[in-house]
Amino acid sequence: GIKENNRYLEVLLKERPELKNDRIEAARLCQLRVSLYDLALGASPGYMEEAAPVPPTLVKVAGEVNGLYPVNRSFAVTFSNNSNVDQYKMVSAWQNEKSFRLVAFNNRYKNETFDIKLDHAYFASIGWKYDDLKNFTAKAVSPDGEKDIDVKLINDVHFGISIRCTLPAFTALMFSVDKK
């Protein structure tokens, strides 16, 4: 964790040299990056109140996933390498019969395209189909804040459901769906 935080801090200070003299703000942004990283790996982020102000979608999704079941079946949510981690990319998901949440994080210093595969058979077996996911909301959340993001939901007969987007550096996709 310290190595990853130092890597982020190095990039952050190059982009925002004024933070060299504002250690409190630099530490706050580092804490938010770790919170996004933790959530994308399936863990509840901690100590977010110390990093205020916190992007509202981060607070909302972090709270919501605590009441959902983690999707922990192997190969149910993956990248093309059949893992939920691919170098600097990570993704986790949570669900119940009415709600689905997914968080993916780009822990790299450049934009990255994400192509996240949802195993069609697994999700169908727990009551989630492509049509159930179509009314999603999505936000790109970074330590600096949040914004809308263009996300494509793809239904492929052979490969299942894909969620595709491009995430900026050190930014998370927060993907949410609730059945009516």
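The values are calculated or read from the model by the stated rules, or taken from the named source; none is laboratory data. Fair warning: this is a prediction, and the values are worked out from it, not measured in the lab. Every residue, glycine among them, receives a Cβ derived from its backbone with ideal geometry; neighbour counts consider all protein chains shown. Calculation scope for accessible area: heavy atoms of the full protein, side chains included, ligands and nucleic acids excluded. Shrake-Rupley method; radii C 1.70, N 1.55, O 1.52, S 1.80 Å.
For the reader, a short list of remarks on this structure follows.
- Placing a pseudo-label 7 Å from each Cα along the Cα-to-Cβ vector at S44 and D148 gives an inter-label distance of 3.3 nm.
- Mean separation of Cα contacts under 8 Å (6+ apart) over length of the range 87-180, as relative contact order %: 40
- Listed residue (A138, P55, A124) projecting farthest to the positive dipole end of the chain, Cβ model: A124
- Listed pairs K14/K117; K3/K60; K110/K134; K60/K89; K14/K98 exceeding 32 Å between Cα atoms: K14/K117; K14/K98
- Longest to shortest principal axis, alpha-carbon extents of the chain, angstrom: 53, 29, 26
- Ellipticity estimate at 222 nm from DSSP helix runs (n ≥ 4, -39,500 (n - 2.57)) divided over the chain, nearest 500: -8500 deg cm²/dmol
- Dipole magnitude for the chain: about 180 debye, using +1 per Lys or Arg Cβ and -1 per Asp or Glu Cβ, origin at the Cα centre.
- Separation of alpha-carbon centers, the range 1-54 and the range 58-86, rounded to whole Å: 21
- Packing-based order for 86-98, 10-22, using average beta carbon neighbours within 10 Å, highest first: 86-98, 10-22
- Around the Cα centre of the range 83-180, unit charges on the Cβ atoms of Lys, Arg, Asp and Glu (plus for the first two, minus for the last two) sum to a dipole of about 60 debye.
- Think of a 1.4 Å ball rolled over the protein heavy atoms: the range 89-180 then has 46 Å² of accessible area per residue.
- Mean separation of Cα contacts under 8 Å, 6 or more apart, over the residue count of the range 1-139: relative contact order %: 19
- Solvent-accessible area of H120 with every protein chain in place, 1.4 Å probe, in Å² to the nearest 10: 90
- Cα-centre dipole for the range 1-81 with unit charges at Cβ (Lys and Arg positive, Asp and Glu negative), debye to 20: 220
- Distance histogram in 5 Å bins (all Cα pairs of the range 113-157, percent per bin): 5, 16, 24, 23, 15, 10, 6, 1
- Every Cα-Cα pair of the range 42-81 was included, and the share exceeding 13 Å stands at 62 percent.
- Among R101, R23, R33, the residue with the largest mean-square fluctuation in a Gaussian network model of the chain, with springs joining Cα atoms closer than 10 Å, is R23.
- For the range 1-83, the residue among Q31, S74, N6 whose Cα projects farthest onto the positive side of the dipole built from Cβ charges is S74.
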